[in-house]
Amino acid sequence: MINRYKPDTGIPVSNSKNKLLKAASRAWQLSCLFLFLFAFTSISYAQVTVNGTVTSSEDGQPLPGVTVLEKGTSNGTSTNVDGEYELTVSNTEAVLVFSSISFQTQETVVGDRETIDIQLSEDLQLLEDVVVVGYGEQDRKTLTSAVSSISAEDIANTPSASTDQLMQGRAAGVQVSANSGTPGGGIFVKIRGTSSISGGSDPLYVVDGIPIQTGNYGLGLGGETTSALADIAPSDIESIEILKDASATAIYGARAANGVVLITTKRGSFSAPRVNVSMYRGVEEPVNRPDLVTGPQFEMLMNEAASNNGEPEPYANPSGAINTSWADQVFRTGVVQSYDLTVSGGNEIVKYAVSGSAFDQDGVVKPATFTRNSARLNLDILASEKLTFGTSTTYSFSNRNRARNNDNIYGVLGGVYFIPTNLPVYDSNGDYTKFSIFENPVAGANEVDFNMDVNRLIGNVFADYEFMPGLTFRTSWSLDYNQIKEDRYDNTFLNTGSSVNGSALSTVAIARTWTAENTLSYLFNVGENHDFSALAGTSVEETTFERTTAEGEQFPSNDFRRVQDAAVQSASSTGTSSGITSFFGRLKYEYGSKYLATFTVRRDGSSRFGENNQWGTFPSLALGWVVSEENFFQIEDISELKLRASYGITGNQGGIGNFQARGLWGGESYGDSPGTSPTQLANPDLKWETTRQLDIGIDIGLFDDRLNFVYDYYYKKTEDLLLAVPVPLSTGFSELVQNFGELENKGMEFGIAADIIQNTDMNWNLMFNIAGNRNKILKLAAPFNVYNRDIYRYEEGIPMYSFYFHEQIGVDPDTGDPIWTDVDGDGTFNPNVDRKIVGDANPDFFGGITNNINYKAFDFSIFFQYSYGNDQLNWNRFFQEHGGTRNTGYLSTQLDRWQQPGDQTMVPRMTSANYAGNLRPSRFVEDGSYMRLKNATLGYTIPIEFLNKLGARISRARIYVTGQNLLTFTNYSGLDPEVTATASTALTRGIEFYTMPQARSIIGGIDISF
């Protein structure tokens, strides 16, 4: 803000009608005039004119709009666009005060200097105290809600394809895990547990005020999904705020039950043009590879199984067997690279930030790659003192080269595990070796032709008008346009293509969301201590989705890959839409910055629900008490002590179809005649899931906020779950989506931020967070099982993601047969009834530890992320520790089998009877706890003096080397304890099933500012 100063006004002297008094008055005026002229001459003689330039100590760039004031007077000016100023002060003893928003105020005595150049340092404390919340910002000191913040500095050295990955381990209560290590792949984000069974459990993402699409719109490939957030370049992000309690999220009402993530991108400032170039390049390699038996070991095991089964041994000379390492054929060292360019600046009228980004990443399993090119424009135009308008717009184009993996036995990794190692890659004719129904992994990697192109536009235009000080109207119109084009051709070298002489598919999907929002905000106070902040607004949003698909089979040759060239063709199309209309408001009250209250309410109307329940109301109330502001609080070392509590209601409309409440009919053919038939029963009473949440928190700051603690306890109860409930078959249907069921989450969060060392040469900052959540199903219409072989169980009284297995407690040392738990206690083991819950995928606690150290020009950061108490299902072992039940490949753990009386092991003897009766041994459910060195970075900032000697116009240059996923400490035997392969269903977590693991990266980079 630029301050303008007006000269003082004089005071008129009134005249008297009395002549004597007039004469005396004239004499007095002449005397005063003489004294004034004498004083003016003296002062003029002592006046001094000074000039100079004000720059930023961070990058040396000039700072426009800085207020330069002679202390104790109204005499002042402000710097121009080049940071220059000129001011005449009273004398050489005058003190100049330099001040600007977001910078520390600085004072200096003029003395005998005519030129005074000043460098201002950013007020980091002030910047940290501002928190982005729904539809505005708040001072953290008076914040009554549970909000976690992640700054650009926190994530600057974390190479990532997707924004959601950057939250992992950075915020208490936010659990982030990967679908797989597939570049651009899906990410799971859970804020304070999972609040829905099938109604959708992802948070709402809002980018620069725009609610964006985050669904998986790509074609299914087993359990592999894609991340819509990968379309946003992480280098564009200024901050990420995670809204956790109902007070923070209720402003988003019907879509906020799973939390809200606010992403703010970088904007321009009042400064000369600044150019920043960032680039990094490195290599990625697999941390682990499948540990499979060799070819000779495979034949030996198969002979042993045949012998135990009383059958002839199939292999005469196991020691002479071929040994093929299928993993070596498809795993690779890949390249990851990123290039970013940003130009930003502004003046009294325009602020701008323009950026471009290019990112490219290879997966550690062929042929997966992800490429993204994006551009962003953030523009703010100060049209007048009252009117500001602008835009936030991002365009990105991305390409994914995809392969069948993750929860897919016919993919590349499926072939690595299933095809025996005693088979060669190519047969005697030079063709790919075929084995049963499984794909040769080398063929799957080399011959697949599956590309996914995404064009994404996320943008808005807005205008702010200040009717009077404190009263501002804002209107915003936004669009999220997402076009997904996928083309796949399975040639005749692949199993999927050989049987139909080539198979092709081409599809185009368009997901489009437009939003119009209008808000009116008013800041005012009553008296000296009563401060109010009021917000009222409306929102209208519509989302449409369309997909057109064409398929073809029977091609003349592999040279023809378009559907139009197929002898057999088919096509289909689908589309749907939904809308939501909302009214919302928030009132915040502060009394003397000590007593705080925030009331929020939102009313939403959605097209998704029945005519009897299309509208829902979602209120919240939060109270706070800043004890440290009380006069009686005299503890010097405690700089902040704040107590807060909130309670509110939020909703969830995800996870169901747009017309789930309506009775639907679909097209049918009766012979050669067209017709229709009912496809869905109507439910006019269908409504939102409702989550009620209580939060109690305390914030403590010690030693001038050098040591800060945050603690929260919460309880969330979700009612009216959106579930498919069985109905009488006489209706013509077996189930109907209804509001039935209850679920709870309760837990605690704790965070520490400490400035351990702060001096001229060295700074050491430590951040630590830990959280634990307890999930329980309270009410269901009936228990049910999900996924392959019904291995997940949902019933009242247990957590979600519970594993339902036959409990194997050992192996009989005399016979080598597995020993099972007799669950019902009837004296015999019956596989049909003797199953039990043997664990769940929910961790007991999780979090992260970050150390940032700066010593002179060097900086070092190290970040650990951890999870404890979660069970992880190594489902690969079920298929590759089969003991001879199949003729497919083995994991090396099969070598730990029982072989002779007296052996102590958990792996039964080699026999085809191991899995008789659909047995599901619990030994495959492992402890998935881990601690991972997620990131370590060492950087060096080149001294500005050295850059000046080179004659380069570089204000800052930093080089660094960083490593990602460097070390993992775990007892889990699989490739990656973090991944979840089955992203195609929301009812499963914590399972590895032919899943591409995350990579270890070593990267070098440079940041340059001009």
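Scan the stretch 235-255 for residues that are hydrophobic (A, V, I, L, M, F, W, C) and part of a strand (DSSP E or B) and jot them down.
Of everything in the stretch 235-255, those that are hydrophobic (A, V, I, L, M, F, W, C) and part of a strand (DSSP E or B) turn out to be Ile237, Ile240, Ile242, Leu243.
Determine if the stretch 203-222 includes at least one residue that is within 11 Å of the chain's Cα centre (by Cα), within 30 Å of Thr496 (Cα to Cα) and part of a loop (DSSP other than H, G, I, E, B).
no
Which condition does Ser730 not pass, out of (1) surrounded by fewer than 16 Cβ atoms within 10 Å (Cβ to Cβ); (2) in a strand (DSSP E or B); (3) out of contact with any Asp or Glu (no Cβ under 9 Å at 6 or more places or on another chain), if it passes all the others?
For Ser730, the exception is condition (2).
Condition test on Ser428, is it at pLDDT below 95, surrounded by fewer than 23 Cβ atoms within 10 Å (Cβ to Cβ) and in the same structural domain as Asn303 (by TED's automatic domain parsing)?
Here the answer is yes, as Ser428 does meet what is asked.
Of Ser478, Ser506, which residue is in contact (Cβ under 8 Å) with a residue 60 or more places away in the chain and crowded, with 19+ Cβ neighbours inside 10 Å?
The conditions single out Ser478.
Could you please let me know if Gly624 is of a type in the set (Gly, Ala, Ser), touching a residue at least 24 places away in the same chain (Cβ under 8 Å) and surrounded by 17 or more Cβ atoms within 10 Å (Cβ to Cβ)?
Yes; evaluated as a whole, the condition is true for this residue.
If you take the residues in the stretch 863-910 that are in a strand (DSSP E or B) and over 37 Å from the mean Cα position of the chain (by Cα), which one is surrounded by the most Cβ atoms within 10 Å (Cβ to Cβ)?
Top of the filtered list is Arg897.
So which of Asn288, Asn276, Asn258 is out of contact with any Leu (no Cβ under 6 Å at 6 or more places or on another chain) and assigned to a loop (DSSP other than H, G, I, E, B)?
Asn258
So how many residues does the stretch 815-862 have that are of a type in the set (Val, Ile, Thr) and assigned to a loop (DSSP other than H, G, I, E, B)?
Total meeting the criteria: 5.
Test of understanding: among Val961, Val979, which residue is surrounded by fewer than 19 Cβ atoms within 10 Å (Cβ to Cβ) and not assigned by TED's automatic domain parsing to the domain that holds Phe418?
Working: Val979 fails: surrounded by fewer than 19 Cβ atoms within 10 Å (Cβ to Cβ).
When all the criteria are applied, what remains is Val961.
Residues that are farther than 30 Å from Thr968 by Cα, buried (at least 24 other Cβ atoms within 10 Å of the Cβ), under 20 Å from the mean Cα position of the chain (by Cα) and not aliphatic (A, V, I, L, M): does the stretch 264-279 have at least one?
Within the stretch 264-279, none of the residues are farther than 30 Å from Thr968 by Cα, buried (at least 24 other Cβ atoms within 10 Å of the Cβ), under 20 Å from the mean Cα position of the chain (by Cα) and not aliphatic (A, V, I, L, M).
Quick test of your reading of the structure: Thr472 fulfils all but one of (1) surrounded by 20 or more Cβ atoms within 10 Å (Cβ to Cβ); (2) in contact with a Leu (Cβ under 9 Å, 6 or more places away or on another chain); (3) among the β-branched types (Val, Ile, Thr). Name the failing condition by number.
So the condition that Thr472 fails would be (1).
Among the candidates Ser677, Ser639, Ser606, Ser646, which residue alone is crowded, with 19+ Cβ neighbours inside 10 Å, of a type in the set (S, T, N, Q) and in contact with an Asp or Glu (Cβ under 6 Å, 6 or more places away or on another chain)?
One residue alone meets the criteria, Ser646.
Against the definition (in contact with a strand residue (DSSP E or B) (Cβ under 6 Å, 6 or more places away or on another chain) and crowded, with 19+ Cβ neighbours inside 10 Å), how does Gly345 come out, yes or no? Spell out the reasoning first.
On the way: in contact with a strand residue (DSSP E or B) (Cβ under 6 Å, 6 or more places away or on another chain): yes; crowded, with 19+ Cβ neighbours inside 10 Å: yes.
When the stated conditions are applied, Gly345 passes them.
Within the stretch 795-809, can you find the residues that are assigned to a loop (DSSP other than H, G, I, E, B) and surrounded by fewer than 16 Cβ atoms within 10 Å (Cβ to Cβ)?
Correct list: Glu795, Glu796, Gly797.
Could you tell me which residue of the stretch 446-466 is surrounded by the most Cβ atoms within 10 Å (Cβ to Cβ), considering only residues that are touching a Leu at 6+ places or on another chain (Cβ under 9 Å) and more than 17 Å from Ala516 (Cα to Cα)?
As a first pass, look at the stretch 446-466 and keep what is touching a Leu at 6+ places or on another chain (Cβ under 9 Å): 447-448, 450, 452, 457-460, 463-466.
Cutting the leftovers down to more than 17 Å from Ala516 (Cα to Cα) gives us 447-448, 450, 452, 466.
Details: Glu447: 19, Val448: 26, Phe450: 19, Met452: 22, Glu466: 16.
Filtering first and then ranking leaves Val448.
Considering only the stretch 530-579, state which residues are surrounded by 14 or more Cβ atoms within 10 Å (Cβ to Cβ) and among the acidic types (Asp, Glu).
Correct list: Asp531, Glu541, Glu542, Glu546, Glu551, Glu553, Asp565.
Name the residues in the stretch 733-778 that are of a type outside the set (Asp, Glu) and not in a strand (DSSP E or B), would you?
Phe733, Ser734, Phe740, Gly741, Asn759, Thr760
Output the residue which, of all residues in the stretch 368-414 that are of a type in the set (A, V, I, L, M, F, W, C) and in a loop (DSSP other than H, G, I, E, B), is surrounded by the most Cβ atoms within 10 Å (Cβ to Cβ).
The qualifying residue surrounded by the most Cβ atoms within 10 Å (Cβ to Cβ) is Ala368.
Out of all the residues in the stretch 945-952, is one or more basic (Lys, Arg), out of contact with any Cys (no Cβ under 7 Å at 6 or more places or on another chain), in a loop (DSSP other than H, G, I, E, B) and over 29 Å from Gln880 (Cβ atoms)? Even if it seems obvious, please write down each step before you answer.
Just the residues of the stretch 945-952 that are basic (Lys, Arg), to begin with: 949.
Checking which are out of contact with any Cys (no Cβ under 7 Å at 6 or more places or on another chain) leaves us with 949.
Cutting the leftovers down to in a loop (DSSP other than H, G, I, E, B) gives us none.
Within the stretch 945-952, not a single residue is basic (Lys, Arg), out of contact with any Cys (no Cβ under 7 Å at 6 or more places or on another chain), in a loop (DSSP other than H, G, I, E, B) and over 29 Å from Gln880 (Cβ atoms).
Yes/no matrix, rows are residues, columns are (1) touching a residue at least 40 places away in the same chain (Cβ under 8 Å); (2) farther than 20 Å from Met767 by Cα; (3) within 15 Å of the chain's Cα centre (by Cα):
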residue: Gln138; (1), (2), (3): yes, yes, no
residue: Val147; (1), (2), (3): yes, no, yes
residue: Asp164; (1), (2), (3): yes, no, yes
residue: Met167; (1), (2), (3): yes, no, yes
residue: Ala171; (1), (2), (3): yes, no, yes
residue: Gln175; (1), (2), (3): yes, no, yes
residue: Gly181; (1), (2), (3): yes, yes, no
residue: Gly186; (1), (2), (3): yes, yes, yes
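Looking at (1) of a type in the set (Asp, Glu); (2) surrounded by 24 or more Cβ atoms within 10 Å (Cβ to Cβ); (3) in contact with a Leu (Cβ under 8 Å, 6 or more places away or on another chain), which is the one condition that is false for Glu241?
Of (1) of a type in the set (Asp, Glu); (2) surrounded by 24 or more Cβ atoms within 10 Å (Cβ to Cβ); (3) in contact with a Leu (Cβ under 8 Å, 6 or more places away or on another chain), only one is false for Glu241: (2).
When you go through (1) touching a Leu at 6+ places or on another chain (Cβ under 7 Å); (2) within 30 Å of Leu722 (Cβ to Cβ); (3) not hydrophobic (A, V, I, L, M, F, W, C) one by one for Glu590, which number turns out not to apply?
Result: Glu590 passes all but (2).
Given the options Arg920, Arg953, name the one that is in contact with a His (Cβ under 6 Å, 6 or more places away or on another chain) and charged (D, E, K, R).
Working: Arg953 fails: in contact with a His (Cβ under 6 Å, 6 or more places away or on another chain).
Result: Arg920 is the single residue among Arg920, Arg953 that is in contact with a His (Cβ under 6 Å, 6 or more places away or on another chain) and charged (D, E, K, R).
When you look at Leu721, is it closer than 22 Å to Ile752 by Cβ and in contact (Cβ under 8 Å) with a residue 40 or more places away in the chain, yes or no? Give the derivation first.
Values: closer than 22 Å to Ile752 by Cβ: no; in contact (Cβ under 8 Å) with a residue 40 or more places away in the chain: yes.
Spelling it out, it is not the case that Leu721 is closer than 22 Å to Ile752 by Cβ and in contact (Cβ under 8 Å) with a residue 40 or more places away in the chain.
Considering only residues that are within 30 Å of Ser533 (Cα to Cα) and in contact (Cβ under 8 Å) with a residue 60 or more places away in the chain, which ones fall in the stretch 559-587?
Ile580, Ser582, Phe584, Arg586 - these are the residues of the stretch 559-587 that are within 30 Å of Ser533 (Cα to Cα) and in contact (Cβ under 8 Å) with a residue 60 or more places away in the chain.
Under 6 Å by Cβ, and 6 or more places apart or on different chains, what pairs join a residue from the stretch 353-371 that is closer than 14 Å to Ser180 by Cα with one that is buried (at least 21 other Cβ atoms within 10 Å of the Cβ) and of a type in the set (Lys, Arg)?
Within 6 Å, the pairs are Phe370/Arg400.
Identify the single condition in (1) in contact (Cβ under 8 Å) with a residue 12 or more places away in the chain; (2) of a type in the set (Val, Ile, Thr); (3) farther than 27 Å from Gln168 by Cα that Thr676 does not satisfy, given that it satisfies every other one.
(1)
The values are calculated or read from the model by the stated rules, or taken from the named source; none is laboratory data. Computed from a prediction, not measured in an experiment: that's the story for all the values here. Note that we place each Cβ from the backbone using ideal geometry, even for glycine, and neighbour counts take in every protein chain shown.
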